[in-house]
1. Determine which single condition residue 140 fails, assuming it passes every other condition in (1) in a loop (DSSP other than H, G, I, E, B); (2) at pLDDT below 95.
2. Looking at (1) out of contact with any strand residue (DSSP E or B) (no Cβ under 6 Å at 6 or more places or on another chain); (2) within 24 Å of residue 140 (Cα to Cα); (3) free of Cβ contacts under 8 Å to residues at least 60 places away in the same chain, which is the one condition that is false for residue 89?
3. Would you check which residues across the range 162-197 are assigned to a helix (DSSP H, G or I), in contact (Cβ under 8 Å) with a residue 24 or more places away in the chain and more than 17 Å from residue 149 (Cα to Cα) and list them?
4. Looking at residue 207, is it at pLDDT below 95, over 23 Å from the mean Cα position of the chain (by Cα) and not in a helix (DSSP H, G or I)?
5. Looking only at the range 85-98, decide whether some residue is at pLDDT below 95 and touching a helix residue (DSSP H, G or I) at 6+ places or on another chain (Cβ under 6 Å).
6. On the given criteria, is residue 103 in contact with a strand residue (DSSP E or B) (Cβ under 6 Å, 6 or more places away or on another chain) and either under 19 Å from residue 60 (Cβ atoms) or surrounded by fewer than 18 Cβ atoms within 10 Å (Cβ to Cβ) (or both)?
7. So residue 66 clears everything in (1) closer than 21 Å to residue 129 by Cα; (2) under 16 Å from the mean Cα position of the chain (by Cα); (3) at pLDDT below 90 except one condition, right? Which one?
8. Looking at residue 137 and the list (1) over 15 Å from residue 91 (Cβ atoms); (2) touching a residue at least 60 places away in the same chain (Cβ under 8 Å); (3) touching a strand residue (DSSP E or B) at 6+ places or on another chain (Cβ under 6 Å), which single condition is not satisfied?
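The values are calculated or read from the model by the stated rules, or taken from the named source; none is laboratory data. Quick caveat, the model's predicted, so the values are computed rather than measured. Note: ideal-geometry Cβ built from the backbone for every residue, glycine included; neighbour counts use all protein chains shown.
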């Protein structure tokens, strides 16, 4: 806390895997109305979510990078996704390994700003700057939820869907077709997509897109997962 107080104009808050993040720290960011550009809190299962949602709300005009990865046992509050959906400057979101994130929560990224009392829409917000999305291991999220997001965020260039068994072949084709600027798409461990379909789409879009699947089934004993190319 004393370290944070030294930087009243804080723009980057990165405390990945810090087990000492307290409500007091988040409340300090709130009371000082800090408007962050980067918010990285990977691997912190006991995060104070109500305070976190308020920090996101205060940062909606600046927030570009969000990393909430490696929290597989955390049940995120809906309000966090609702607030993220109003951050029009978002460039990168990372939810890697958060297996309890539910379908409707991904949909909340596309609902725009709503009245807190009536829940009626106030303002449509498109995530036009969003380019990097990591949904690895979001096992409860379906391809329909991903399609709804890309409809609201058509400029995504890097998309990771590893371990998402609910991603089907038709939706994969739609994702590739809709995202004209897509450069890299990872689909390791997507068992609903046949090898034949993967090869067909990989070869069809070779040159403009890197479609990557090195592992057909997650937990393949012949691959430790460390050899997946990121770019």
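1. (2)
2. The one condition residue 89 does not meet is (2).
3. Result: 169, 197.
4. Yes: the conditions hold for residue 207.
5. Yes, the range 85-98 contains at least one residue that is at pLDDT below 95 and touching a helix residue (DSSP H, G or I) at 6+ places or on another chain (Cβ under 6 Å).
6. No; evaluated as a whole, the condition is false for this residue.
7. Going through the list (1) closer than 21 Å to residue 129 by Cα; (2) under 16 Å from the mean Cα position of the chain (by Cα); (3) at pLDDT below 90, residue 66 breaks only (3).
8. All conditions are met except number (3).
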